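Before any comments, here is the structure.
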Amino acid sequence: MPAEGLLAAYTPRLGTVIGDLLRAVPLAAWVLFVVHYLARWSKEWAAARYGEGVGVYFARKVIHMAAGGLVALLIPLVFREPWVPFILGLGFAVYTYLPHRTGRLMTWFQDPSNISEVYYCLAWAVAVLAAWPFNVWLAVYPLFLMSFGDGVTGIIRGLRQRRRVKSWDGSLGFIAVSLPVGYLLFGPVGALVALLAALLEKSGVVDDNISVPLASLAVLLAAYHLGLIQAA
């Protein structure tokens, strides 16, 4: 893409930004509802049946899917420029990081030993900003992988293993959810990205909230510039 095109993509008109800000308000309210109510109810429901640890794990996956995942799917329909969704992601990164700093954790989903939810928000924001000038679905699909692919993975492992563990049954669930969507969006490249993401999630070498969306985005961007996939 010529430099002029990149500049235009990243310099929207003020009216466009204001419109996106207004449309972002109900989305932000929905995310807060998911975090403070839906996730808490999910945690209590799962904890009563499968134990406290599984309950917290379920709550995290509900947030992944119902908050980050749903909003990611709405990005192409709702937003006209990249800065408002980018700021939305950064804002929730700060929102989830501050409890770790103050010691006032949202205990129904936050773990004092890690800040994975903060990484998720940061990766969400960076992916949208990086992909926007080319094809916003290049970001939406990696975020789908981290939200719904990983979400289903966690639920399967929680139900079957009753603990947080990187087992292959969850990885198969990840592939079952993600590969068909990847193929529909980007053909064989999308299917390969789904397999790569499943392996990255399973390996755990790097926090999957970072490795899955950003590595998937990098592969898709490379394929886009090589002409293997098309713009939206």
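FYI, it's all coordinate maths here, none of it is from the lab. Computed from a predicted structure; not experimentally measured. Note: ideal-geometry Cβ built from the backbone for every residue, glycine included; neighbour counts use all protein chains shown.
What net charge is computed for the residues neighbouring M146, neighbours being all others with C-beta under 13 Å from the C-beta of M146, Lys and Arg scored +1, Asp and Glu -1? Counting the neighbours of M146, the net charge comes to -3.
For the options G53, G158, G69, a Gaussian network treatment of the chain with springs between C-alpha atoms closer than 10 Å singles out G53 as fluctuating the most.
Our summary gives the stretch 32-137 a relative contact order of 28 percent, counting only alpha carbon pairs under 8 angstrom and 6 or more residues apart. The GNM of the chain, with springs linking C-alpha atoms under 10 angstrom apart, assigns the highest mean-square fluctuation among S113, S42, S171 to S113. The distance between label points at Y10 and W41 comes to 4.2 nm (points 7 Å beyond Cα on the Cα→Cβ vector).
Taking label positions 7 Å along the Cα-Cβ direction at both L228 and L77, the computed distance is 3.0 nm, reported to one decimal. Binning the alpha carbon pair distances of the stretch 22-128 at 5 angstrom intervals from zero yields the distribution 2, 13, 23, 24, 19, 11, 6, 2, 0, expressed in whole percent.
According to the square roots a ≥ b ≥ c of the eigenvalues of the Cα gyration tensor, what is the shape class of the stretch 96-219, taking rounded for a/c under 1.5, prolate for a/b larger than b/c otherwise, and oblate for the remainder? Oblate is the answer for the stretch 96-219, as a/c is 1.5 or above yet b/c matches or exceeds a/b. For the stretch 62-122, averaging the sequence separation of C-alpha pairs within contact (under 8 Å, six or more residues apart) and dividing by the residue count gives a relative contact order of 35 percent.
Between L90 and D111, the modelled label-to-label distance comes to 2.8 nm, taking each label 7 Å out from Cα in the direction of the beta carbon.
For the chain, the 222 nm mean residue ellipticity estimated from helices alone, with every DSSP H stretch of n ≥ 4 adding -39500 (n - 2.57) and the total spread over all residues, rounds to -23500 deg cm²/dmol.
Given axes a ≥ b ≥ c from the Cα gyration tensor, I'd like to know whether the stretch 3-225 is rounded (a/c under 1.5), prolate (a/b larger than b/c) or oblate. The shape class here is oblate. The relative contact order of the chain comes to 20 percent, based on Cα pairs under 8 Å that sit 6 or more residues apart. Sorting K61, K202, K43 on the 10 Å Cβ count, fewest up front, what's the list? Arranged by neighbour count, lowest to highest, K61, K202, K43 become K202, K43, K61. With a cut-off of 16 Å, note down the residues of the stretch 101-136 whose backbone N falls inside the zone around a label point 7 Å from the Cα of A218 toward its beta carbon. Backbone N within reach: 123-124, 126-128, 130-131.
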